[in-house]
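K.L.:
Sharing a structure below in structure tokens format, with a few things to ask.
The values are calculated or read from the model by the stated rules, or taken from the named source; none is laboratory data. Because the structure is predicted, anything quoted here is derived from the model rather than measured. No Cβ is skipped: glycine too gets one built from the backbone with ideal geometry, and neighbour counts run over all protein chains shown.
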Amino acid sequence: MSRLSLTNLPVAPAVDPRALSIGIVHLGLGAFHRAHQAVVTERAAVASADTRWGITGVSQRSGKVRDQLAPQDGLYSVLERGLGDPSVQVIGSIREVLTAPEDPDAVVTRIADPAVSVVTLTVTEKGYRAAGHGLDLGDPEIQADLTGRPPRTVVGQLAAGMARRDEPLTIVSCDNLVANGPFLRKLVTDYFEALGKVPEVFEATRFPASMVDRIVPATTDADRDEAARLLGVRDEAVVVAEPFLQWVIEDDFAGDRPAWERGGAVLTGDVAPWEQAKLRMLNATHSMLAYLGALRGYETIAEAVRDDELSALARQLMAEDVVPTLKAPDGLDLTEYGASVLERFANPALKHRTTQVAMDGSVKLPVRMLGTVRDRLAAGAEPRVVSLAVAAWMVYVLKTPIVDDPQSDRLKAALAGISEPAAVVDALLGVDSVFTPDLRDSTVFRELLVEHVSSLTAGSSTSVG
Ligand code: CS2
């Protein structure tokens, strides 16, 4: 079967990419970006008839996406899998693909380009190379960037690009982090301080916070075959997603931006309530289902949430531990939100693997779960269900031979020769990049963890009374 390209278009994209100039650099050209910001950007370009917002996508690790997209003129499709028949749409907003390790200078040059006024990022939690609330200055790659080599880290790329600009930039983190905008601003500040040089444009550069939401599992061969069937041509770069898509962006830009609100995004003064609700309800529950589900042998999140005991625990997590810590965003009913999240997880067509959501727990837990633990403890409450979620991660790390996590060596070393529940809990509570001293020193939290790790390792049914 022939390949998707501009000269081989079964379904035309909503914009002709040849008509777009480059106005956005996106760092982290994974499936999520292609199913989320790139789609909203295309819709905005169409609705506002504005051709300035083509995207330069940057892969941070390998040339795989470039190799998939180059023969396709940057085109790819989004295969939407909901409860009805799947549908497919070709997206035309990506104008250029760069592979950072192969051409780090080109990335900096693009960020410095005066026609670019917005940089967006989806580089995952670990891509920020943070330690606590600041930049990990002990990270060898950060250290190497600070010596002045063409930068390989995301913070190094942003800093080097800014140093070459006269006009300020807006940098929009689209990762699942608490206060992602201010957090990234702090990392860049730390970098400039370590460098001993702050470019003039930094002061006026904006870092709006944003909350992104769309479930985008890794694409499988079955997805590629399905897209080919629907398109009539082969698309090696297809991404698969649920129908739901949400993007809430803090309206704080240094210069021009795409009319993203016309593409379905919400621009608002305060993203925090949205972000907290999403991280603490959706992402925490997702992770809990991933760990408990994987421990029960379920391959997908949909299978895990169809287990009555696990779905009851998911509801309990949100109602008992999370909702009391949240301020509802305007117009959002948190109980309904929780129910809708579980319905989305139950989508049987998505095949989102428990092991995919389970990865990188050491950087996900602090964002998704530990704020809830802290707030519940501060309120004098016992965080029973969220502690079960943390305990499930602990047992998952204990029982999984090769843990997919940036801290896997450290986690495995901490657990070497250990199997007794209290010892497992103490060993992992001692990993200070995950647990802060206040949590380590809480006897209430520790006892709950020991209780849950004991029942999970004993293999008894999982319930929280
Ligand atoms: C998931 C998220 O992999 C994970 O950790 O919890 O990627 C989740 O699917 C998205 O945040 C949904 O918006």
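K.L.:
Out of Thr153, Thr170, report the one residue that is touching a Phe, Trp or Tyr at 6+ places or on another chain (Cβ under 6 Å) and more than 16 Å from the ligand (Cβ to nearest atom).
P.N.:
Checking each option against the conditions leaves just Thr170.
K.L.:
Something else about it: Report whether or not Asp360 is at positive phi and surrounded by fewer than 21 Cβ atoms within 10 Å (Cβ to Cβ).
P.N.:
Considered against the rule, which asks whether it is at positive phi and surrounded by fewer than 21 Cβ atoms within 10 Å (Cβ to Cβ), Asp360 comes out as yes.
Rundown of residues vs (1) within 30 Å of Gln276 (Cβ to Cβ); (2) surrounded by fewer than 23 Cβ atoms within 10 Å (Cβ to Cβ); (3) touching a strand residue (DSSP E or B) at 6+ places or on another chain (Cβ under 8 Å), yes/no style:
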{"site": "Ala163", "(1), (2), (3)": "no, yes, no"}
{"site": "Phe192", "(1), (2), (3)": "yes, yes, no"}
{"site": "Ser210", "(1), (2), (3)": "yes, no, yes"}
{"site": "Val239", "(1), (2), (3)": "yes, no, yes"}
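K.L.:
Being away from the ligand (no atom under 15 Å from the Cβ), of a type in the set (Gly, Ala, Ser) and surrounded by 17 or more Cβ atoms within 10 Å (Cβ to Cβ) is the filter here, so list the residues in segment 252-271 that pass it.
P.N.:
Ala254, Ala259, Gly263
K.L.:
Return the only residue of Val373, Val395, Val425 being touching a Pro at 6+ places or on another chain (Cβ under 8 Å) and more than 16 Å from the ligand (Cβ to nearest atom). Reasoning before the result, please.
P.N.:
Values: Val395 fails: touching a Pro at 6+ places or on another chain (Cβ under 8 Å); Val425 fails: touching a Pro at 6+ places or on another chain (Cβ under 8 Å).
Testing whether each residue is touching a Pro at 6+ places or on another chain (Cβ under 8 Å) and more than 16 Å from the ligand (Cβ to nearest atom) leaves just Val373.
K.L.:
How about segment 11-84: which strands (runs of 3 or more DSSP E) wholly inside it have at least 2 residues that are free of Cβ contacts under 8 Å to residues at least 60 places away in the same chain and buried (at least 16 other Cβ atoms within 10 Å of the Cβ)?
P.N.:
Values: elements: 22-27, 54-59, 76-80.
Correct list: 54-59.
K.L.:
Name, by its number, the condition in (1) in contact with an Asp or Glu (Cβ under 9 Å, 6 or more places away or on another chain); (2) free of Cβ contacts under 8 Å to residues at least 60 places away in the same chain; (3) not polar (S, T, N, Q) that does not hold for Ala194.
P.N.:
That leaves (1) as the condition not met.
K.L.:
Take the residues in segment 404-422 that are within 15 Å of the ligand (Cβ to nearest atom) and out of contact with any Gly (no Cβ under 8 Å at 6 or more places or on another chain); name whichever of them is farthest from Gly127 (Cα to Cα).
P.N.:
Asp404
K.L.:
So the check is Cβ under 9 Å with 6+ separation or different chains; which pairs have a first residue in segment 318-331 that's surrounded by fewer than 18 Cβ atoms within 10 Å (Cβ to Cβ) and a second one that's among the aromatic types (Phe, Trp, Tyr)?
P.N.:
So the pair list comes out as Ala328/Tyr337.
K.L.:
Among the residues of segment 194-207 satisfying the criterion of being surrounded by fewer than 23 Cβ atoms within 10 Å (Cβ to Cβ) and closer than 27 Å to Leu279 by Cβ, which is nearest to the ligand (Cβ to nearest atom)? Give the derivation first.
P.N.:
Filtering segment 194-207 down to residues surrounded by fewer than 23 Cβ atoms within 10 Å (Cβ to Cβ) leaves 194-206.
Add one more test, that the residue is closer than 27 Å to Leu279 by Cβ, and what stays is 205-206.
Numbers: Thr205: 26, Arg206: 24 Å.
It comes out as Arg206.
K.L.:
Filter segment 422-446 down to residues that are without any contact (Cβ under 8 Å) to a residue 60 or more places away in the chain and under 31 Å from the mean Cα position of the chain (by Cα), then give me how many there are.
P.N.:
Of the residues in that region, 12 qualify.
K.L.:
OK, next. Does Ala106 satisfy the condition of being over 20 Å from His33 (Cβ atoms) and either among the β-branched types (Val, Ile, Thr) or modelled with pLDDT of 95 or more (or both)? Show your work before the answer.
P.N.:
Numbers: over 20 Å from His33 (Cβ atoms): no; either among the β-branched types (Val, Ile, Thr) or modelled with pLDDT of 95 or more (or both): yes.
For Ala106, the condition - over 20 Å from His33 (Cβ atoms) and either among the β-branched types (Val, Ile, Thr) or modelled with pLDDT of 95 or more (or both) - is not met.
K.L.:
Count, please, the residues in segment 346-357 that happen to be near the ligand (Cβ under 9 Å from one of its atoms) and either surrounded by 23 or more Cβ atoms within 10 Å (Cβ to Cβ) or assigned to a loop (DSSP other than H, G, I, E, B) (or both). Steps first, please.
P.N.:
To start, the set of residues in segment 346-357 that are near the ligand (Cβ under 9 Å from one of its atoms) comprises 352, 356-357.
If we keep only those that are either surrounded by 23 or more Cβ atoms within 10 Å (Cβ to Cβ) or assigned to a loop (DSSP other than H, G, I, E, B) (or both) too, we end up with 352, 357.
Number of matching residues: 2.
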